[in-house]
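Student: So that we are looking at the same thing, I have put the structure below in structure tokens.
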Amino acid sequence: MSENYRNNFLKEVEERVEEGHWVKMCMQCGVCAGSCPLGPHWAHPPQEIFMMIRAGKREEVLTSDSMWMCTSCYNCVVRCPRKLPITHIMHGLANLAYRLGLSPKNQTTQKFASMFWNNLAQTGRVNELKLSLGMYFKDGFAQGIKNAMAMQSVGLGMVKAKRLNPMELFGGHGIKDKSGFHAMLKKAREIEDRRKNFA
Amino acid sequence: MAKKTYSFYPGCSSQTKASSDNYLKSTNSMCKYLDIELKEIPDWNCCGASIGYAEGGELPRITLSARNMALSEQHNPGMDLVATCAACWLSTREAKERIAHSAQTLTEANTALAEAGLTYKGNQAARHMAEVLVEDFGFDELKRGVKKPLQGIKFAGYVGCQTNRPFGLAGESFENPKYLDNLVEAMGGEAVPYDQKVTCCGGALAFSEPEKSQKQIKDIIESAYDHGAEMIVTPCPLCQANVEIYQGEVNKRFGTKFNIPVTYYSQLITVAYGGTAAEAALDGQLIRATRLEEIAKK
């Protein structure tokens with residue numbers, strides 16, 4: 001019957017967030033906060049997020065832009081005295097917030113993350129040119145031209161070094177078994193949605 | 001030493017004319033000198049990297065890596081799977097461990113893979129090329145192939161994040177890994193001690209949070225310069241790209257005058273083994289590694 005004492009948000013995190021069952025193990029030491037390269041930019045560092053989850057602050061956690069500051073450097077993971085997979089919990093929380101439509105509006109990392117996934121899901125491999133252009137033009141055409149012009153010398157340098165191919169715009173790399181690949185991802189998504197109650 | 005054969009996962013950035021095209025070219029040259037055969041996994045796909053989570057979630061992401069491993073098991077049986085990209089290696093190894101720890105994840109991943117006519121068994125190790133060099137060859141053996149020592153060049157060995165954490169190389173410390181320095185010294189170069197060798201370059205956030213990431217990049221380069229390095233060397237394609245490509249932007253933002261080449265260990269080894277500048281893909285540098293070019297020409 002001890003289940004009754006746990007708040008609903010902690011239970012939700014355990015069920016719907018990647019590695020969410022670890023949240024209760026945090027001992028509030030703050031090593032993660034001190035180890036994070038973007039630490040100064042988090043509204044709430046990881047250990048605070050964990051405490052907020054335990055306090056049932058669902059709205060505050062899921063609308064926060066904190067989790068979107070994770071660079072996936074894994075510093076927090078290797079330094080955590082209790083070995084919490086903090087990086088994955090942050091990814092999982094970000095995913096939950098995004099799936100529920102609660103992530104902050106115009107959160108750039110969230111947009112980039114979606115663009116990245118949709119880019120790879122299309123052909124099975126990332127098209128770096130389309131990804132870069134997509135990011136430049138995410139705030140409209142005029143801003144896109146401005147962004148692209150600002151990064152022009154970088155782009156031209158990459159083309160000259162044969163590390164960027166303008167022809168990628170018209171197709172580019174991809175896998176052969178696209179239909180099998182698409183069916184596989186669709187099935188994986190179905191299973192995940194059912195298990196995490198997103199469906 | 002007898003020929004070694006591995007199942008090879010090059011990853012998206014190593015494709016022809018992609019951002020680490022020079023990593024693949026120099027890796028191929030390095031492997032030629034070391035008598036390594038890399039058998040590419042047929043029809044491999046993107047691993048989802050460290051930014052796929054938001055849209056992709058958990059199982060779809062794990063399934064991406066499971067597909068690569070299933071293809072590798074099927075087409076390149078009996079070999080270790082080897083990746084050169086830090087994110088490719090991390091995603092693959094992570095997926096392998098997740099599946100190994102959960103019968104449910106195994107069942108679910110295989111249910112999804114069945115849609116593509118594949119099955120994951122989990123009978124191959126997922127390794128990084130740096131592990132192959134350090135563990136299957138060792139520094140003494142690697143030293144033996146050196147024809148043109150990289151004498152007098154001071155390198156900042158930039159290990160970065162994902163080749164180092166959360167897995168890293170066996171026996172290495174997360175805070176001060178030594179293998180890259182040892183590799184530099186085995187090639188006859190000098191590895192300078194500096195304090196930013198495992199600092200994050202911003203990763204994928206170099207794109208979405210340029211200001212915050214460029215501060216990271218500045219710290220790394222500044223420390224390399226301050227400790228006397230003439231060149232940075234790294235095992236990670238994203239570290240390489242971020243630290244090299246954005247130097248102009250960093251200079252504009254912070255008033256610095258950075259212009260330091262950022263190379264791959266595979267380029268160092270190729271040059272030290274007597275390879276040409278073309279074999280080491282030195283023409284792929286945005287900031288030319290002139291000291292390496294000079295040695296390659298000798």
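Student: Ignoring ligands and nucleic acids, what accessible area does A:Ser64 show with a 1.4 Å probe (Å², nearest 10)?
Tutor: 10
Student: Mind ranking B:Val250, B:Val134 by accessible surface for me, highest first, 1.4 Å probe?
Tutor: B:Val134, B:Val250
Student: In Å, what Rg and Dmax follow from the Cα atoms of chain B?
Tutor: 19.0, 58
Student: What aspartates and glutamates sit close enough to A:Lys57 to cross-link, taking a C-alpha to C-alpha distance under 14 Å and skipping anything fewer than 8 places away on the same chain?
Tutor: Qualifying aspartates and glutamates at Cα under 14 Å: A:Glu12, A:Glu48.
Student: Between segment B:88-106 and segment A:105-154, what's the alpha-carbon centroid distance in Å?
Tutor: 29
Student: While we're here: To the nearest 10 square angstrom, what accessible area does A:Leu10 show with a 1.4 Å probe?
Tutor: Number for this one is 10 Å².
Student: Next question, about the same structure. Provide the packing ranking of B:214-224, A:15-25, i.e. peptides ordered by the mean count of other C-beta atoms within 10 Å per residue, highest first.
Tutor: B:214-224, A:15-25
Student: Moving on to the next point. Can you run phi through the Karplus equation (6.51, -1.76, 1.60; θ = phi - 60°) for segment B:126-132 and list ³J(HN,Hα) in whole Hz, with x for Gly and Pro?
Tutor: 10, 10, 9, 4, 4, 5, 4
Student: Another question, if that's okay. Show me you know the interface measure: the accessible area buried between A and B, both chains summed, probe 1.4 Å, in Å² to the nearest 100.
Tutor: Approximately 6000 Å² gets buried when A meets B.
Student: Something else now. So how much accessible area does A:Trp42 have, in Å² to the nearest 10, using a 1.4 Å probe?
Tutor: A:Trp42 exposes around 20 Å² with every protein chain in place.
Student: Roughly how crowded by other chains is peptide B:23-30, in terms of the mean Cβ count from those chains within 10 Å of each of its Cβ atoms?
Tutor: Average neighbour count from other chains, rounded to a whole number: 0.
Student: Counting only other chains, what is the mean number of Cβ atoms within 10 angstrom of the Cβ of each residue in peptide B:207-219?
Tutor: Mean shielding by partner chains, rounded to a whole number: 4.
Student: Hey, can you list the DSSP H helices of chain A whose Cα span along the axis is 18 Å or longer and whose average Kyte-Doolittle score is at least -0.5?
Tutor: Membrane-span-like by this criterion, though nothing is claimed about a membrane: A:86-99, A:108-123.
Student: So, one more: Classify segment B:139-297 from the C-alpha gyration tensor, please: rounded if a/c falls under 1.5, else prolate or oblate depending on whether a/b exceeds b/c.
Tutor: It is oblate, given that a/c is not under 1.5 and a/b is not larger than b/c.
Student: How big is D for segment B:4-129, in µm² s⁻¹ as a whole number, if Stokes-Einstein is applied with the Kirkwood radius of its Cα pairs at 4 °C and 1.567 mPa s? Intermediate results must be reported in sequence, preceding the final value.
Tutor: Numbers: Rh = 14.7 Å.
In µm²/s, the coefficient is 88.
Student: Contact order normalised by length for segment B:139-297, with contacts defined as Cα pairs under 8 Å and 6 or more residues apart; what percent is it? Please list the in-between numbers first.
Tutor: Values: 269 pairs, mean separation 41.1, N = 159.
With pairs under 8 Å counted, the relative contact order is 26 percent.
Student: Can you list the aspartates and glutamates whose alpha carbon is less than 14 Å from that of A:Lys186, not counting same-chain residues fewer than 8 positions off?
Tutor: Counting by Cα, and skipping residues close in sequence, A:Lys186 has these aspartates and glutamates nearby: B:Glu55, B:Glu58, B:Glu108, B:Glu115.
Student: What order do B:Glu244, B:Glu55 take when sorted by accessible area (1.4 Å probe), most exposed first?
Tutor: Numbers: B:Glu244 5, B:Glu55 25 Å².
Sorted descending by solvent-accessible area, the residues read B:Glu55, B:Glu244.
Student: Something else about it: Please report the spacing between the Cα centers of segment B:173-239 and segment B:1-39 in Å, no decimals.
Tutor: 22
Student: Could you pull the Rg and Dmax for segment B:141-194, using just the Cα atoms, both in Å?
Tutor: Here Rg and the maximum Cα pair distance are 12.1, 35 Å.
Student: Another question, if that's okay. Taking H placed 1.01 Å from N in the peptide plane, check which residues at least 5 places from B:Thr263 or on another chain put their amide H under 5 Å from its amide H.
Tutor: Amide H neighbours of B:Thr263: B:Ile232, B:Val233, B:Thr234.
Student: Can you tell me the length gained on complete extension of the stretch B:Asn123 to B:Phe139, counting 0.36 nm per residue apart and subtracting the Cα distance?
Tutor: 3.0 nm
Student: Accessible area per residue for the protein assembly as shown in Å², computed with a 1.4 Å probe and the full protein assembly in place, what is it?
Tutor: 39
Student: Could I ask something else about it? Given H placed 1.01 Å from N in the peptide plane, which residues other than close sequence neighbours of B:His128 have an amide H under 5 Å from its amide H?
Tutor: Under 5 Å from the amide H of B:His128: B:Ala83.
Student: Something else now. If you take each beta carbon of peptide B:165-178 and count the beta carbons of other chains within 10 angstrom, what is the mean?
Tutor: The mean count of partner-chain Cβ atoms within 10 Å per residue comes to 2.
Student: Can you give me the relative contact order of segment A:108-195 as a percent, contacts being Cα pairs under 8 Å and 6 or more apart?
Tutor: Details: 56 pairs, mean separation 28.2, N = 88.
Relative contact order comes out at 32 percent.
Student: For the protein assembly as shown, what is the calculated [θ] at 222 nm in deg cm²/dmol (nearest 500), taking -39500 (n - 2.57) for each run of four or more DSSP H residues and dividing by its residue count?
Tutor: The per-residue figure over the protein assembly as shown is -14000 deg cm²/dmol.
Student: Please list B:Tyr225, B:Tyr265 in order of solvent-accessible area, largest first, computed with a 1.4 Å probe with all protein chains present.
Tutor: B:Tyr225, B:Tyr265
Student: Report, ordered by chain and residue number, the lysines lying within cross-link reach of B:Lys212, taken as a straight Cα distance under 24 Å and ignoring same-chain residues fewer than 8 apart.
Tutor: Candidates past the 8-residue exclusion: A:Lys105, A:Lys111, A:Lys130, A:Lys138, A:Lys146, B:Lys197, B:Lys252, B:Lys257.
Student: Here's a follow-up. Semi-axes of the protein assembly as shown's equivalent ellipsoid from the Cα gyration tensor, sqrt of 5 times each eigenvalue, largest first, rounded to whole Å?
Tutor: Details: eigenvalues 248, 133, 105 Å².
So the equivalent ellipsoid measures 35, 26, 23 Å along its semi-axes.
Student: Any idea what the relative contact order of chain B is, in percent, if you count C-alpha pairs under 8 Å spaced at least 6 apart? Write out the running numbers ahead of the final one.
Tutor: Numbers: 525 pairs, mean separation 56.8, N = 298.
Result for chain B is 19 percent.
Student: Also, quick follow-up: Spit out the partnerless Cys residues in chain A, using Cβ distances under 4.7 Å as the pairing rule.
Tutor: A:Cys26, A:Cys29, A:Cys36, A:Cys70, A:Cys80
The values are calculated or read from the model by the stated rules, or taken from the named source; none is laboratory data. Quick caveat: nothing in here was measured; it's all calculated off a predicted structure. So basically every Cβ, Gly included, is an ideal-geometry build from the backbone, and we count neighbours across all protein chains shown. Side chains are part of the model used for accessible areas, which takes the heavy atoms of the whole protein and leaves out ligands, DNA and RNA. Shrake-Rupley method; radii C 1.70, N 1.55, O 1.52, S 1.80 Å.
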